Each structure stands twice: as C-alpha cells, then as structure tokens.
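Working notes, structure below.
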Amino acid sequence: MDMILLFLLVGCITGFFAGLLGIGGGAIIVPVVMYVVSQQAIPTDMVMKIALSTSFSVIIFSTASSAYSHNKHKAILWQQFPLLSIGTIIGMLVGTFLVQKMSNTILQIVFCIFMVYTIYGLLTKKKEAERIENVKDPIVSKLALTSGGSLIGFISSFIGIAGGTITIPLLSHWGFNTRKCIATSSMIGVIIASIGTIMGVIYGWNQTNIDDYYFGFIYLPAFIGISITSILFAPVGVKVAYRLPIPRVRQIFALFLLSVVLKMMYTLISA
C-alpha cells in the first residue's frame with residue numbers, strides 16, 4: 001500500500017511539471033523506480049534499464065496529456081514537428097540500442113551528469129522577455145530540424161526523460177516563442193516515450209517475468225500508479241504555465257533535483 005501511495009504521489013508531481021515546464025518527469029520517476037526495484041531480487045545491471053523503460057512508459061501519458069492541453073492554446077509547432085520527430089525517432093533507436101550494452105553504474109553516472117546540467121540550466125537561466133505571441137515563427141532548415149531531433153532523442157534514451165531540457169533551449173535558441181517551445185516539447189516527449197517504451201519491452205522480454213509484475217523492462221505497479229495521477233495533474237501544470245511567471249518554480253524544481261542527484265551520487269560512492 002505504501003508503495004502504491006508513493007507512485008500516486010510521484011504521478012502528481014510529474015504530471016504537474018510536465019504541464020508547467022514541458023518535461024516528462026523522468027528526473028523524478030527514474031530515481032524512485034530505481035529505489036523500489038533495487039529492493040527486489042533483480043540483477044544489478046537490470047535496475048537502471050527497468051527504471052528508464054518504466055519512466056518512458058509513464059511519460060507517454062504525462063506528455064500526451066500536457067500536449068493535448070497545450071494544443072488547445074494552438075501553441076504546438078506542427079509545421080516543424082514532422083522533421084523534429086523523424087530525427088527524434090532515429091536518435092532514440094540508436095540510443096536505446098547502446099543503453100542495453102552499458103552497465104548499471106555507467107548509466108547512473110550519465111544520469112547524474114545530465115541532472116547536474118539540468119540543475120545548472122534551471123538556476124542560471126537568465127530572465128528573458130517573452131516573445132510576442134503572434135510573431136511570425138523563424139525559418140529553420142530541414143537539416144537543422146532533423147539533426148536537432150536526433151540529438152534530442154539520442155540523449156533522452158540514456159536518461160529516461162521526455163527531452164524537455166534539450167528541446168526547449170534548442171527551439172528557443174532558434175527564436176521560437178517560449179510557450180510554443182514548451183508546448184512542442186510536450187509533443188516531442190510523446191514520440192520519445194513511445195519509442196523508449198517499445199524498446200524497453202523488446203529488450204526486456206525474456207529477462208523478466210509477468211508474474212513479478214514486469215512487462216519487459218516495464219515495472220507495472222509504477223507504470224499504473226504514476227500514470228493515473230500524472231494524467232490528472234498535467235492540465236493543472238498547463239494552467240499555471242499560462243497564468244503565472246515560472247522562474248521561482250524552476251528554482252524549486254532545481255533544488256529538488258539537486259537532492260535527488262546527491263542521493264544517487266552517495267549510493268554510487270558507497271556501493
């Protein structure tokens with residue numbers, strides 16, 4: 001019962017931040033699933049792979065719910081999305097293949113490094129004037145969109161995230177409106193999570209048992225519990241994103257991630 005309540009609470013948090021910041025919540029889901037799974041009779045080298053795959057399976061719903069809400073505001077960059085998604089799929093397929101070849105420790109180190117980068121970005125992000133909502137979108141080449149999508153998918157496959165911490169800065173750098181960046185990031189997250197989930201099931205098919213509540217590398221109790229509440233809370237985050245400035249929320253989220261990284265680093269050092 002305590003485990004189910006934990007997953008439901010995590011779903012509330014991930015759903016809220018998915019809508020607010022255009023992220024999938026993998027930074028929260030991965031450490032929680034890692035902790036729960038590590039208490040079971042699971043081979044060490046499978047723990048991080050299970051955490052990543054389970055994170056992706058949940059992110060499908062949190063990002064889809066977020067994207068649906070953002071689309072009501074007509075904020076998703078549908079013209080640029082096809083090429084971005086093609087690149088993302090390519091990057092995810094290559095990345096998930098490499099993930100299966102890496103040890104649990106290396107994957108944890110990669111996760112910690114990227115979380116430090118994310119925290120730095122959240123805390124040092126300069127205040128920028130919101131670009132005019134109805135300004136014409138910049139023109140970005142097809143090669144740049146596809147290459148950018150590949151980078152997003154490749155990095156995301158190692159971290160179990162929806163790619164928001166990469167997608168949003170990239171789109172913003174190209175000159176798109178900030179809220180459109182967040183909205184489009186949610187839609188890209190659906191692609192990333194879908195590929196990550198499919199690959200997690202395929203690669204883990206003969207390594208886990210459905211009787212132990214595993215579907216490939218997906219831990220079903222976490223998938224069900226977190227998904228339920230994340231779907232409900234993603235629209236709440238979207239409403240906040242369109243009504244309030246979010247610098248303070250970024251700072252609070254960064255401090256939370258810092259505590260997660262420190263805990264994981266302590267686990268690695270003491271192992």
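The values are calculated or read from the model by the stated rules, or taken from the named source; none is laboratory data. Model, not experiment: these values are computed from the prediction. Note: ideal-geometry Cβ built from the backbone for every residue, glycine included; neighbour counts use all protein chains shown. Please note that ligands, DNA and RNA were not included when accessible areas were found on the heavy atoms of the full protein model with its side chains. Shrake-Rupley method; radii C 1.70, N 1.55, O 1.52, S 1.80 Å.
List, in the order given, every pair from Lys180/Lys239; Lys49/Lys180; Lys49/Lys142; Lys142/Lys180; Lys74/Lys136 whose Cα-Cα distance in the structure shown is over 22 Å.
Working: Lys180/Lys239 14 Å; Lys49/Lys180 32 Å; Lys49/Lys142 33 Å; Lys142/Lys180 19 Å; Lys74/Lys136 14 Å.
Among Lys180/Lys239; Lys49/Lys180; Lys49/Lys142; Lys142/Lys180; Lys74/Lys136, the Cα-Cα distance tops 22 Å for Lys49/Lys180; Lys49/Lys142.
May I ask for the angle, rounded to the nearest 10°, between helix 164-174 and the longest principal axis of the chain, with both axes built from Cα atoms and the value confined to 0 to 90°?
Helix 164-174 sits roughly 20 degrees off the main axis of the chain.
In whole angstrom, and with the biggest value first, how far do the Cα coordinates of segment 133-249 range along each principal axis?
Projected onto its principal axes, the Cα set of segment 133-249 covers 54, 35, 20 Å.
Using only Cα atoms, find the angle between the long axis of helix 81-99 and the longest principal axis of the chain, and express it within 0 to 90 degrees, rounded to the nearest 10.
With rounding to tens, the tilt is 20 degrees.
From Cα pairs below 8 angstrom and at least 6 apart in sequence, can you work out the relative contact order of the chain, rounded to a whole percent?
38 percent
I want to verify the translational diffusion coefficient of segment 6-148 in µm²/s; compute it with Stokes-Einstein, Rh as the Kirkwood radius over Cα pairs, at 10 °C and 1.306 mPa s.
This corresponds to a translational diffusion coefficient of 91 µm²/s.
If each Cα of segment 184-256 is one equal point scatterer, what is log10 of I(q)/I(0) from the Debye formula at q = 0.11, 0.13, 0.21, 0.26 Å⁻¹?
For segment 184-256, the Cα-only Debye profile gives -0.44, -0.59, -1.03, -1.18.
How large are Rg and Dmax for the chain when calculated on the C-alpha trace, in angstrom?
Rg, Dmax (Cα atoms, Å): 17.5, 55.
Given a 1.4 angstrom probe, I'd like the percentage of the accessible area of segment 77-209 that is carbon and sulfur, rounded to a whole number.
Numbers: 4360 of 6360 Å².
Answer for segment 77-209 is 69 percent, counting heavy atoms of protein chains only.
For segment 1-83, what is the largest minus smallest coordinate of the Cα atoms on each principal axis, given in angstrom and ordered from greatest to least?
47, 29, 15
Per-residue ellipticity at 222 nm for the chain, helices alone: DSSP H runs ≥ 4 residues times -39500 (n - 2.57), over residue total, nearest 500 deg cm²/dmol?
Details: 10 runs with 205 residues, N = 271.
The per-residue figure over the chain is -26000 deg cm²/dmol.
May I ask you to derive the FRET efficiency for Asp211 and Ile139 from their Cβ-Cβ distance with R0 = 51 Å, giving the value to the nearest 0.05?
Efficiency for this residue pair is about 0.40.
Once the Cα atoms of helix 104-124 and of the chain are each reduced to a long axis, what angle between those two axes, in degrees from 0 to 90 to the nearest 10, is obtained?
Approximately 30 degrees, to the nearest 10.
Please compute the length gained on full extension between Leu268 and Leu8, using 0.36 nm multiplied by the number of residues separating them and subtracting their Cα-Cα distance.
Length difference between fully extended and current span is 90.9 nm.
Evaluate E = 1/(1 + (r/R0)^6) for Ile224 and Ala41, where r is the Cβ-Cβ distance and R0 equals 22 Å; express this FRET efficiency to the nearest 0.05.
Between Ile224 and Ala41 the formula returns 0.55.
For the chain, give the magnitude of the charge dipole about the Cα centre (Cβ charges: +1 Lys/Arg, -1 Asp/Glu; no others), in debye to the nearest 20.
Numbers: 17 positive and 8 negative charges, 205 e Å.
The dipole of the chain has a size of about 980 debye.
Show me 171-182, 146-157 ranked by packing, highest mean number of other Cβ atoms within 10 Å first.
Ranking, from highest mean packing down: 146-157, 171-182.
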